[in-house]
Amino acid sequence: QVQLVESGGGLVQPGGSLRLSCAASGTIFGINVMNWYRQAPGKQRELVATVDRDGGTDYVDSVKGRFTISAISRDGAANMVYLQMNNLKPEDTAVYYCNADVEDWSRRYHYYWGQGTQVTVSS
């Protein structure tokens with residue numbers, strides 16, 4: 001079984017910073033891509049940032065220049081993914097979810113989700 005566990009959410013004032021972390025554990029033979037999604041109240045879940053196994057990154061336009069995604073690999077598989085969020089705005093308020101495309105015990109790739117961590121940007 002594979003588990004993704006997020007941490008680092010909280011309450012921050014506009015213009016502040018937070019760093020989210022996500023730890024992947026379990027039977028993992030490889031990871032293709034790790035993502036951060038977010039879901040605000042009454043809105044659909046959206047993809048915020050992506051990092052692939054080659055280190056390539058991509059971001060939704062609304063966070064470009066403010067958010068940075070990074071991953072740490074061990075034994076050829078990314079085990080940790082981070083989301084550094086700077087210059088936070090009230091519209092960044094959401095539950096943030098870690099997501100990964102993992103080659104698991106079945107030797108097939110499946111997407112896994114974390115439980116989510118709340119980020120609230122408010123004065």
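A few remarks follow.
- Boolean, ASP54 is touching a Ser or Thr at 6+ places or on another chain (Cβ under 7 Å) and either at pLDDT below 95 or β-branched (Val, Ile, Thr) (or both): no
- If you go through region 78-122 and keep only what is in contact with a Phe, Trp or Tyr (Cβ under 8 Å, 6 or more places away or on another chain) and at positive phi, you end up with ARG107, GLY116.
- Scan of region 101-123 for residues that are at pLDDT below 95 and among the hydrophobic types (A, V, I, L, M, F, W, C), ordered by number: VAL102, TRP105
- Applying the condition of being hydroxyl-bearing (Ser, Thr, Tyr) and either without any contact (Cβ under 8 Å) to a residue 12 or more places away in the chain or part of a strand (DSSP E or B) (or both) to region 102-123 and asking which residue is least open to solvent (accessible area, probe 1.4 Å) yields THR117.
- Within region 86-101, residues that are part of a loop (DSSP other than H, G, I, E, B) reach partners that are open to solvent by less than 40 Å² (accessible area, probe 1.4 Å) and among the basic types (Lys, Arg) with beta carbons closer than 8 Å, at six or more positions or on different chains, in the pairs ASN86/ARG66; ASN87/ARG66; LEU88/ARG66.
The values are calculated or read from the model by the stated rules, or taken from the named source; none is laboratory data. Since this is a predicted model, take the numbers as computed values, not measurements. Note that each Cβ is placed from the backbone with ideal geometry, even for glycine, and that neighbours are counted across all protein chains shown. These accessible areas exclude ligands, DNA and RNA; they are computed on the full protein's heavy atoms, side chains included. Shrake-Rupley method; radii C 1.70, N 1.55, O 1.52, S 1.80 Å.
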